[in-house]
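Participant: One structure, as structure tokens, below. Some questions next.
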Amino acid sequence: MEIPAPVMAKVRARGWSDELIARITESVARPDQVANLASTTLTEEKINGWLDFLERDPENPFVAAPLSILTTKSELGMWAKPGPEGLRLKDINIGSYGVVPDDWRYENDTPRGAHPTTGMYIPASYSIFDKSEVWADNLDDLYEDAIRDRWISSTDLDWENGLKELPEDLERAVCQLCTIYSNNGLVEQKVIGKWLEEISYGFYEAKSFLGTQIYDAGRKAEVLRKRALSNGGGLGQAPLGLHYKGWYGALKLTEVLITIDVIYKSYELSTFQMAGDLAQTPLEEEMWSYLARDSQRHLDYGLHHLRWYMDHHDLAHEILPIFFGRQEATFAGEMLTSPAEREALVVLFAGGTENLQAGVDKLQQLRGKQLADYFERLDSVGYDHAARVNPALVGLTEDPLAARMLAPATDPEPEDN
Amino acid sequence: MVTTNVPGLNLDWLNVDTEQGQTAEPGRSGLTLQQINSTMYGIDNLDEVRNRSLTVRGSAPDLRSSPHARQYHYKGDVWSDSAMLLYEEATQRQWASATDIPWEKVEPLSDDLEMAMCTLCTFLTQVEFIAGDVPGRFLEQVPTDFFESQLFLGTQVMDEARHQDVFRKRIFVNGGGMSDAGFGAVNLLSIDDFTEMTAVLHLFAEGLVQSLFRMGELISQNDAEKRMFRLSAQDESRHLAFGVTHVKYVVENEPWRTEELHHYLDIQERQTTQSQQASLTTNPLTGEALAILAGGGIEKMDDGFKMVLQMRRKQMIEYAHRAKVVGLDRSERMAPELRELLGDVA
């Protein structure tokens, strides 16, 4: 084989010996193979060993291997180092691999930082290529935190001793809440799951984090069902599901994140954070606490995405009020017309069905806290929403049972002629 | 019946006609899904969905709720007898790529070995990326009456995210970088049916990947890589088991779908043998990488070739065995090139 001049230049630049070059020239090695070898720092001993292989086993199919895998269009020389919490995603976001582009260019599963091999590129169906539609600046940490903070419902909760027999009304109220929140977990999992295949590889951290949320949502559905079926109660009334229509009806990922990871999670977290008031047993106290920690991560993604969207999407100021308006409407609609959740909360807050007004008062406090928390969380990322919030969410802080809001309109008094 | 005089409060939910008095005793593995399904809230004698809305099994549906059109209707469409067991196992065996891999055990390698490992890991990050998308797509299609299958797929999505991340991490810890991307696994996105997914993704593709991971000892250059493959293989085993038991359920309960299942495998086998088309673990880039890794360098690619052949053979033997166990004997219709790998075993 005569080594072409450009390849010879590479070979010379590598400082290969004349003996090695002569041996290559006399071998069955091809120029492309030699060029690829010359792209490496392989020792002459290694290359001589490869030439031995060519002579030793000329019929072996790998004699013809182009060795193209020894070269790459991507950056080499990465030496990521683990930090105090191990090797986290942020530790490998180094060099060119740490650059998350505003627009991702590849339509298939080419990983971020890699480039397609010529002739081996099949465009796929991904649709999210604009960073502003999916990104948040805390995704890498949230993903790792989700894995670090994993818990196991079957063994991390004390099913043996953490429960105690409850009066029937309290047991049914606990089970009623579990029924609704478990159902919500299943649907949360369904809705987020269907968006994974839209997210292109450029933003894999978002997909990975949503993978953890899918896992968390499943665990929420599972642990709450276990609680409902383990202490003398049973499942209760399923939710109407108006909010599910909102979740499914969200037509962009940002709208999904606003409805689930901002609006719903903010309300959910405020509820779970009242574990001390909700829990009737030590097991529940721990369960609500675990669930709150999970919800906090989901909310953190939602809020940070909201901020990213505001800062990077040209039409954010026009679109966001519409997203919030649409989604608060279905969410508030569910709160108004699906009474089982609020009534179960009333019974739990009242400690039973004897003094329900006390429970209603506490529910009013919760609704107030939920709305205040919601505004505060939106404020924390610079989204001023108070003036536009759905009136029903405000109304529920004054009329927590929606008795007046849902009261049939009365006919006006006939005017005296 | 409980009633109240507080305006706006009617407590109807306290009077819904669902089974009450449920208790469950935790066992050695804590309180598992199987234990709470020993009651009427289980799935015995339930072959078709009772409610087409998003109401979870056993709760009282709100009669105003609308049906959810994307859900399947029959148990056979989505069910796997091992879903509950595998879900619990998945929750018990989650691991963290950040801390459970001894990254400090990775030591500098010669360029051929490092680039071969980076090539393999680049390919695997492609495959795992899509292996999460596909089950993600089907979560919404599992009826709430058979939600355990959905829960399991949720754990698979999590596992695939972790696989994608652990292989990506390996690429960046030892002086290497991404290799150029090959065909990856884009074809899997064409899957359109739950059972097709279990045949193509689980039974076939994940089966091949699992066999590869289980042979990780042969291609690993250090303890970190061995552990990475071992833990990943453990996860893949669950995915595979889910798919195998679903396909088995279909073959046993809906035998008229057997030919359909064979057909999925016919296509998949054919694609795999067409090395210039998208294929799993058998494309030319990864073949070359595996030969270098298994042999121990470019100078030992003949040894590597023998070991790659062993791997391929093992992959096919295990695949053929799994297919046979679920009632899909492939001995007469396996693609000739793959059948050849079986040798005497065929």
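Participant: Quick check, is A:I319 in contact with a His (Cβ under 8 Å, 6 or more places away or on another chain) and under 24 Å from A:A217 (Cβ atoms)?
Facilitator: In short, no.
Participant: Could you go through region B:313-321 and let me know if any residue there is over 26 Å from B:L293 (Cβ atoms) and either in contact with a helix residue (DSSP H, G or I) (Cβ under 8 Å, 6 or more places away or on another chain) or surrounded by 15 or more Cβ atoms within 10 Å (Cβ to Cβ) (or both).
Facilitator: Scanning region B:313-321, I find no residue that is over 26 Å from B:L293 (Cβ atoms) and either in contact with a helix residue (DSSP H, G or I) (Cβ under 8 Å, 6 or more places away or on another chain) or surrounded by 15 or more Cβ atoms within 10 Å (Cβ to Cβ) (or both), so the answer is no.
Participant: Considering (1) more than 18 Å from A:S96 (Cβ to Cβ); (2) outside any helix (DSSP H, G or I); (3) modelled with pLDDT of 95 or more, say which one B:S179 fails and leave the rest.
Facilitator: Result: B:S179 passes all but (1).
Participant: Which members of region B:163-184 meet the condition of being of a type in the set (D, E, K, R), facing chain A (nearest Cβ under 7 Å) and either under 19 Å from the mean Cα position of the chain (by Cα) or closer than 22 Å to B:V106 by Cα (or both)?
Facilitator: Residues satisfying the conditions are B:D165, B:R168, B:K169.
Participant: Still on this structure, I have one more. Would you be able to tell me the number of residues in region B:98-119 that are at the interface with chain A (Cβ under 9 Å from one of its Cβ atoms), among the hydrophobic types (A, V, I, L, M, F, W, C) and either farther than 13 Å from A:L76 by Cβ or not in a helix (DSSP H, G or I) (or both)?
Facilitator: Of the residues in region B:98-119, 4 are at the interface with chain A (Cβ under 9 Å from one of its Cβ atoms), among the hydrophobic types (A, V, I, L, M, F, W, C) and either farther than 13 Å from A:L76 by Cβ or not in a helix (DSSP H, G or I) (or both).
Participant: Just one of A:T271, A:T259 is under 27 Å from B:T144 (Cβ atoms), hydroxyl-bearing (S, T, Y), more than 16 Å from the chain's Cα centre (by Cα) and buried (at least 20 other Cβ atoms within 10 Å of the Cβ); which is it? Lay out the reasoning, then the answer.
Facilitator: Numbers: A:T259 fails: more than 16 Å from the chain's Cα centre (by Cα).
Within the list A:T271, A:T259, the selection yields A:T271.
Participant: How many residues does region B:14-40 contain that are closer than 28 Å to A:L356 by Cβ and not small (G, A, S)?
Facilitator: 9
Participant: May I pose another question? Exactly one condition in (1) surrounded by 20 or more Cβ atoms within 10 Å (Cβ to Cβ); (2) over 30 Å from A:N355 (Cβ atoms); (3) without any contact (Cβ under 8 Å) to a residue 12 or more places away in the chain is false for B:L11; which is it?
Facilitator: (2)
Participant: Can you tell me which residues in region A:132-152 are under 11 Å from A:R297 (Cα atoms) and aromatic (F, W, Y)?
Facilitator: Answer for region A:132-152, where residues must be under 11 Å from A:R297 (Cα atoms) and aromatic (F, W, Y): just A:Y143.
Participant: In region A:55-67, what residues are on the phi < 0 side of the Ramachandran plot and either assigned to a loop (DSSP other than H, G, I, E, B) or in contact with a Ser or Thr (Cβ under 8 Å, 6 or more places away or on another chain) (or both)?
Facilitator: So the first thing to find is which residues in region A:55-67 are on the phi < 0 side of the Ramachandran plot, and the list is A:55-66.
The answer is A:E55, A:D57, A:P58, A:E59, A:N60, A:A65, A:P66.
Participant: Continuing with the same structure: Of the conditions (1) more than 7 Å from chain A (Cβ to nearest Cβ); (2) closer than 21 Å to B:F204 by Cα; (3) crowded, with 23+ Cβ neighbours inside 10 Å; (4) not acidic (D, E), B:I130 satisfies every one except a single condition; which number is it?
Facilitator: Only one criterion is unmet by B:I130, namely (1).
Participant: Okay, moving on. Within region A:208-224, is even one residue in contact (Cβ under 8 Å) with a residue 40 or more places away in the chain, more than 24 Å from the chain's Cα centre (by Cα) and more than 7 Å from chain B (Cβ to nearest Cβ)?
Facilitator: no
Participant: Which one is farthest from the other protein chains (Cβ to nearest Cβ) among residues in region B:74-97 that are within 27 Å of B:A199 (Cβ to Cβ) and either hydroxyl-bearing (S, T, Y) or free of Cβ contacts under 8 Å to residues at least 40 places away in the same chain (or both)?
Facilitator: B:Y74
Participant: Continuing with this model, one more query. If I ask for residues that are more than 7 Å from chain A (Cβ to nearest Cβ), assigned to a loop (DSSP other than H, G, I, E, B) and under 15 Å from B:A83 (Cβ atoms), which ones from region B:15-43 would you list?
Facilitator: Kept after step one, since they are more than 7 Å from chain A (Cβ to nearest Cβ), are these residues of region B:15-43: B:15, B:17, B:25, B:27-28, B:34-35, B:37-38, B:40, B:42-43.
Narrowing further to those that are assigned to a loop (DSSP other than H, G, I, E, B): B:17, B:25, B:28, B:37-38, B:40, B:42-43.
The answer is B:N37, B:G42, B:I43.
Participant: For region A:82-193, list the helices (runs of 4 or more DSSP H) that sit wholly inside it and hold at least 2 residues that are crowded, with 24+ Cβ neighbours inside 10 Å, of a type outside the set (V, I, T) and facing another protein chain (nearest Cβ under 8 Å); which are they?
Facilitator: Correct list: A:139-148.
Participant: Moving on to the next point. Restricting to region B:289-309, and then to whatever is more than 7 Å from chain A (Cβ to nearest Cβ) and touching a residue at least 40 places away in the same chain (Cβ under 8 Å), can you tell me which residue is nearest to the chain's Cα centre (by Cα)?
Facilitator: The qualifying residue nearest to the chain's Cα centre (by Cα) is B:L290.
Participant: Of these, A:L76, A:L70, which one is touching a residue at least 24 places away in the same chain (Cβ under 8 Å) and either farther than 24 Å from A:Y290 by Cα or in contact with a helix residue (DSSP H, G or I) (Cβ under 9 Å, 6 or more places away or on another chain) (or both)?
Facilitator: Details: A:L76 fails: touching a residue at least 24 places away in the same chain (Cβ under 8 Å).
Matching residue, one of A:L76, A:L70: A:L70.
The values are calculated or read from the model by the stated rules, or taken from the named source; none is laboratory data. It should be emphasised that the depicted structure is a prediction, and the values quoted were computed from it without experimental measurement. Heads up, the Cβs are rebuilt from the backbone with ideal geometry, glycines too, and the neighbour counts pull from every protein chain shown.
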